[in-house]
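For reference, the structure discussed in these notes is given below.
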Amino acid sequence: MDSLKVDDVTLSFGGLQALSHVNLAIEEGLITSIIGPNGAGKTSLLNCISGFYHPTHGEILYGERRLTSASPHRISSLGIARAFQNIELFSGLSVLDNLMLARHRHLKYSIFHALFYWGKTSRLEAENRGYVEDVIDFMELEPHRKKTVGSLSYGIQKRVEVARALTLGPKLLLLDEPMAGMNIQEKEDMVRFVIDIQKERNITVVLVEHDLGVVMDISDRVYVFDFGELIGGGRPDAVAADPKVIEAYIGEEERNEA
Amino acid sequence: MSANRWLATGNFFATYKEEQRIFLTHLDRAVFVLFIAVLFTWPIFFELSNKYMLVINNILIAMVAIIGLNLVTGFAGLISIGHAAFVGVGAYTLASICQVIGYDHVAVTHAWPAMILLCGIVGAAFGAFAGLPALRLKHLYLAIATLSFQMIFEWVIHHTSFFNQGQTIFVGRVYWFTGQVGRSEHYFFWYYVCLVTLVLLGLSVRNLLRSRYGRCLVAVRDNDRAADAMGMSPGFTKVYAFGLAGFLAGIAGGLHAYMYRGVGIESFTLHQSIQYLAMAIVGGLGTLNGSFWGPAAIKLLDLQVENLAELAGKVLTSHLSLATALRPLTFGLVIVLFLMFEPRGIANWWRIVKSYFKLWPFRY
């Protein structure tokens with residue numbers, strides 16, 4: 001079943017076409033990867049889905065809802081969470097506070113309740129603190145719970161970034177290069193987390209990643225972009241054999257011979 | 001929970017509700033309660049002259065205003081150079097009412113708590129309105145937008161006959177259960193009103209800051225893109241921050257008007273706005289207790305410098321205008337020194353002292 005449908009989306013900045021007539025569907029419950037060389041439009045697509053950019057042409061549908069012109073906070077409240085490529089954490093706050101901030105929408109008490117902090121506020125805060133703890137446990141962040149995010153290592157910060165998106169309680173999770181710049185062990189950990197997110201938490205995952213080994217191993221579907229165009233898509237083995245994909249990654253054969 | 005709830009040094013929480021507490025140990029709470037009790041009782045035993053009582057009341061009112069400024073500039077990271085104008089909006093709300101229904105109308109003299117609240121609400125409305133540029137502007141550009149609000153406010157007051165062109169508009173003496181509050185007990189009475197207001201607002205803001213309504217402020221300060229992705233509307237949050245600051249400023253303005261028994265533009269000028277900003281910086285931006293340290297430090301320093309200047313004026317020849325230069329000089333020096341050596345303000349000293357006592361006799 002399709003959960004997200006990108007229908008003929010074009011995104012242009014002046015004369016530059018970041019995406020041109022992209023059609024794809026994200027199936028529910030699967031890990032879908034988006035790959036392509038630098039500047040291919042992978043992150044632009046993610047930005048369109050999560051509402052940071054609005055497509056110049058075309059539609060993005062999530063179930064019955066149009067996401068095309070919705071704002072990021074609206075989209076996140078529909079159950080689409082996103083982890084950023086460049087770490088965009090609240091760097092002055094602790095890991096715990098960063099994750100609690102992601103529960104913003106779930107803390108349904110009014111400002112007047114908050115002023116007194118009795119009953120409802122206290123109860124909801126405690127409940128959601130429990131939820132956050134569950135995510136901390138899942139992402140194995142226990143030793144870093146109270147530490148300021150800015151003081152943590154890059155690999156851990158990336159993990160907090162994913163954890164924070166997970167804390168939103170999404171049905172669809174967009175991960176923008178969660179393994180970039182990591183060492184082999186951190187990368188293996190992250191791969192395990194991504195698989196667990198899909199298998200244990202039943203969250204649909206969209207993964208933008210450069211590491212082709214990882215992508216081919218864990219993805220159920222792969223889409224390949226080049227210069228803003230979708231040049232191939234389908235099961236990983238089929239994509240790996242697609243001549244257009246090979247051409248985009250390795251270059252034309254004639255040029256190699258010449 | 002640890003057996004010793006008085007001196008617990010570590011984290012012994014067993015439930016998430018325990019973690020929500022403001023005071024980690026009984027000792028913390030006891031010290032706080034004792035301190036508040038002292039604040040409430042000392043004027044009964046010691047009688048201060050009106051001059052010093054006025055300074056103390058001014059400090060309390062400034063603290064109310066600075067809590068507001070700290071919320072918008074410290075917590076939400078939106079520099080506001082128009083805070084005195086927001087305080088002025090509160091004060092002029094009361095002044096307008098006095099102009100329309102008369103300064104000794106029963107609504108002004110008897111329903112003064114409602115009037116002060118009204119000042120806060122009008123302040124919040126103006127604050128939110130003046131905060132609208134925050135939807136599009138950031139950093140210095142936003143600061144300039146708030147500065148323009150300050151300028152417009154001053155201009156309007158100066159050029160409107162309804163506001164007496166900025167000259168004093170009188171506010172009547174209020175009534176308490178014991179009858180009219182007379183000249184001799186005026187400052188004594190307003191000390192208590194300001195103190196009660198400050199304690200109530202302080203505790204409310206403390207609560208607000210550990211709820212989602214406080215956390216969202218810090219989120220838009222640290223990273224408004226991420227805040228957006230986490231389900232908070234950054235634009236709304238910024239306008240809300242200005243509204244909150246306007247509310248506290250408005251309350252401070254109402255108190256100011258009642259305590260001075262009059263409203264004049266000279267208390268709400270750009271100079272005052274900058275002084276507010278200095279208080280927030282010296283106290284410690286982004287900390288609630290900094291909102292109390294800052295006004296106390298700056299106002300008391302001001303008082304000392306004034307005394308010193310008076311003394312210097314007697315010793316030195318009269319045409320040396322050292323006395324008038326001394327105040328702005330020390331004021332500027334204090335800000336520069338704080339920005340250089342302790343940008344996190346006096347609140348940071350407080351933190352260091354507290355952790356020292358917590359760890360003593362160990363060093364870390």
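Before moving on, here are some points about what is shown:
- Orientation-averaged projected area, Cα convex hull of the protein assembly as shown (nm²): 37.6 nm²
- Averaged over the residues of peptide B:14-20, the number of Cβ atoms from other protein chains lying within 10 Å of each residue's Cβ is 4.
- Pairs with C-alpha atoms separated by more than 19 Å, drawn from the list A:K5/A:K42; A:K5/A:K199; A:K158/A:K187, are A:K5/A:K199.
- For chain B, lysine pairs separated by 8 or more sequence positions, or belonging to different chains, with Cα-Cα distances below 30 Å total 9.
- A straight Cα-to-Cα reach below 19 Å connects A:K120 with the aspartates and glutamates B:E18, B:E19, residues fewer than 8 places away in its own chain not being considered.
- Model label zone, A:D8; criterion: amide N under 20 Å from point 7 Å along Cα-to-beta-carbon; scope the range A:200-244: A:228-232
- Expressed to the nearest 5 percent, the antiparallel share of DSSP beta bridges inside the range A:151-258 is 50 percent.
- For the range B:49-270: relative contact order, % (alpha-carbon pairs under 8 angstrom, 6 or more apart): 46 percent
- The range A:31-45 and the range B:21-57 have their alpha-carbon centroids 61 Å apart.
- Relative exposure of B:H139, A:H104, B:H105, judged by other C-beta atoms within 10 Å (fewest first): B:H139, B:H105, A:H104
- Mean Cβ neighbour count within 10 Å, used as a protection proxy, ranking B:22-28, B:209-215 highest first: B:209-215, B:22-28
- Long-range Cα-Cα pairs in the range A:18-114 (distance over 18 Å), rounded percent: 58 percent
- Applying the Karplus relation 6.51 cos²θ - 1.76 cosθ + 1.60 with θ = phi - 60° to the range B:268-274 yields 3J(HN,Hα) values of 10, 8, 4, 3, 5, 4, 5 Hz, where x marks Gly and Pro.
- Bridge type composition, the range A:2-257 - antiparallel percent by DSSP, nearest 5: 55 percent
- When Rg and Dmax are taken over the Cα atoms of the range A:1-73, they come to 11.8, 37 Å.
- Taking the range B:1-107 and dividing mean pair separation by its residue count, relative contact order in percent (alpha carbons under 8 Å, at least six apart): 12 percent
- DSSP bridge pairs, the protein assembly as shown: antiparallel proportion in percent, nearest 5: 60 percent
- Max mean-square fluctuation residue, GNM over chain B, Cα-Cα springs under 10 Å, options B:I61, B:I144, B:I281: B:I144
- For residues of B:218-227, the mean tally of beta carbons on other chains within 10 Å: 6
- Peptide A:158-167, shielding by other chains (average Cβ, 10 Å cutoff): 1
- With Cα atoms defining each centre, the range B:183-254 and the range B:281-305 are spaced 17 Å apart in the structure.
- Cross-link reach list, aspartates and glutamates versus A:K171, counting only Cα pairs under 16 Å and skipping chain neighbours closer than eight places: A:D2, A:E27, A:E28, A:E64, A:D196, A:E200
- For the range A:114-137 and the range A:172-226, distance of Cα centres in Å: 31 Å
- When you count the other C-beta atoms within 10 angstrom of each residue and take the mean per peptide, B:30-41, B:108-119, B:167-178 line up highest first as B:108-119, B:167-178, B:30-41.
- Largest first, the extents of the alpha carbon coordinates of the range B:49-270 on the three principal axes equal 56, 38, 29 Å.
- Tensor-based shape of chain A (alpha-carbon gyration tensor, a/c under 1.5 rounded, otherwise prolate or oblate): prolate
- Taking amide hydrogens as placed 1.01 Å from N in the peptide plane, the amide H of A:G232 sits under 5 Å from those of A:V224, each at least 5 positions away in sequence or on another chain.
- For the protein assembly as shown, adding -39500 (n - 2.57) for each run of n ≥ 4 DSSP H residues and dividing by the number of residues yields -18000 deg cm²/dmol at 222 nm.
- Degrees separating the helix A:119-138 axis from the principal Cα axis of chain A, which is the longest one: 40 degrees
- Proximal aspartates and glutamates to A:K147, defined as alpha-carbon separation beneath 12 angstrom and excluding residues fewer than eight positions away on the same chain: A:D97
Every read-out reported here was derived from the displayed coordinates using simple, explicitly stated rules and does not represent laboratory data. Since this is a predicted model, take the numbers as computed values, not measurements. Here Cβ is always computed from backbone atoms with ideal geometry, including for glycine, and neighbour counts include all displayed protein chains.
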